[in-house]
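Readers should treat all values here as calculations from the given coordinates under stated rules, not as data from a laboratory. As the structure is a prediction and not an experimental result, all values here were calculated from the model. Positions of Cβ are backbone-derived with ideal geometry, glycine not excepted, and every protein chain shown enters the neighbour counts.
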Amino acid sequence: METATVILVLVVVVALSFDVTNGFHDTANAMATSIATGALKPTTAVALSGILNLVGAFLSVEVALTVTNAVVKIQDSDGSPKPELLQGGGSALLLIVLAGLVGAIAWNLLTWLLGLPSSSSHALFGGLIGATVAGLGWAGVNWNGDGTTIDGVVGKVVIPAVASPVLACVVATVGTWLVHRVVSGVSQRFTDQGFRWGQIGSASLVSLAHGTNDAQKTMGVITLGLIASGHWSDTGSVPFWVKAACALAIASGTYLGGWRIIRTLGKGLIEITPPQGMSAETSSGAVILISSHLGFALSTTHVTTGSVLGAGVGKPGATVRWRVAGRMVVAWVITIPAAGLVGALTWWIGHALGGGVAGALVISLLLLAFAVAVVRHSHESPVHADNVNDEWDATAGAERTPATV
């Protein structure tokens, strides 16, 4: 088997592994508030979310095409493939993609262990950017597209990263305030029951939107690998088997639960009520679906967190734990550079070993060893379906609350 083909197989396997971590890392985006308010039982919530992630992955390919074309400059100005990326049958680009995926997975696992709802999307982009800079220099990154439109990393990643949580927070604040004004004279017992039913629908919308946006990012990465190895040439479409594999991977990861992050988002930011939960979920779903249609590879984590904060701000008398929110923002800010640093270091390791099969295998095994270490450490303070809704210890912070998968 040719060198490029072996590395391509590793890229596909590692990319689907990233999709699994993306699934359990981001289950909280759709289901944390529904679990926290009791609208859905924890195991029912993750099963429903997994199914809808599977369905959502087939609805669009706009975000996948953004990932394929918006990070690495795979073409020269005349539209022809860059010759330096075709070395070794495309193994040069494949090593960049593999190293970027390692950076993304490492960050996902670390933030999951800490129970921090950081962005899987930005971890992926950060890893790819770091590996690309290491392998091709700063000019190898597609920062601004062709310069005539808002495109590339700046237009498709950075601007949505800043704008989407703010927009979601504003929408959720207004929605929550309006909901409480409308039901102010109605029995709380009656309104809570009604909004719990509403949460099932709004949480389902977020799960569908998550599949539409996040599953596509891995589709784009695998398509980029196929282009590098010469197995695919169309930068405007995605092979069906790639869509199906990514859909199944993110759905299976979602079903695992990601309980640590569900706990932080559902219990750590605010003591959420059913009206707040429905407002937050509806706001998140609307922002994510609109962004997916426009091809913006935004962070569903940022959107959902912004919505939950907005739901807290919008309810008169509600308490927002700003210390927890601050930890999340710090994680958001350092996600891209941290994943980028790991991606760059990983590329250098693989390149130092010749950039071929040996280098690709070594960095894949290093990732596996790190993943095993993280999972073993998580067992020291497990969080699961039975304790995910335990009372939040506000004095100890997230580090002392029951742990998580």
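What's the total number of residues in region 4-38 that are farther than 16 Å from Ala251 by Cα and of a type in the set (S, T, N, Q)?
Total meeting the criteria: 4.
Can you list the helices (runs of 4 or more DSSP H) lying wholly within region 294-397 that have 3 or more residues being of a type in the set (Ser, Thr, Tyr)?
Correct list: 300-314.
In region 2-59, how many are β-branched (Val, Ile, Thr), more than 25 Å from Phe240 (Cβ to Cβ) and in contact (Cβ under 8 Å) with a residue 40 or more places away in the chain?
7
Going through region 112-124 one residue at a time, which ones are in a helix (DSSP H, G or I) and buried (at least 24 other Cβ atoms within 10 Å of the Cβ)?
Trp112, Ser120, Ser121, His122, Ala123, Leu124
In region 226-254, how many residues are of a type in the set (Val, Ile, Thr) and assigned to a helix (DSSP H, G or I)?
Number satisfying all stated conditions: 4.
Only one of these is among the β-branched types (Val, Ile, Thr), touching a Cys at 6+ places or on another chain (Cβ under 6 Å), part of a helix (DSSP H, G or I) and touching a residue at least 60 places away in the same chain (Cβ under 8 Å): Thr223, Thr218. Name it.
That would be Thr218, the only listed residue that is among the β-branched types (Val, Ile, Thr), touching a Cys at 6+ places or on another chain (Cβ under 6 Å), part of a helix (DSSP H, G or I) and touching a residue at least 60 places away in the same chain (Cβ under 8 Å).
Kindly indicate whether any position in region 320-329 is in contact with a strand residue (DSSP E or B) (Cβ under 7 Å, 6 or more places away or on another chain), in contact (Cβ under 8 Å) with a residue 24 or more places away in the chain and not charged (D, E, K, R).
yes
Counting only residues that are in contact (Cβ under 8 Å) with a residue 60 or more places away in the chain, within 22 Å of the chain's Cα centre (by Cα) and crowded, with 24+ Cβ neighbours inside 10 Å, how many does region 268-289 have?
Here the count works out to 11.
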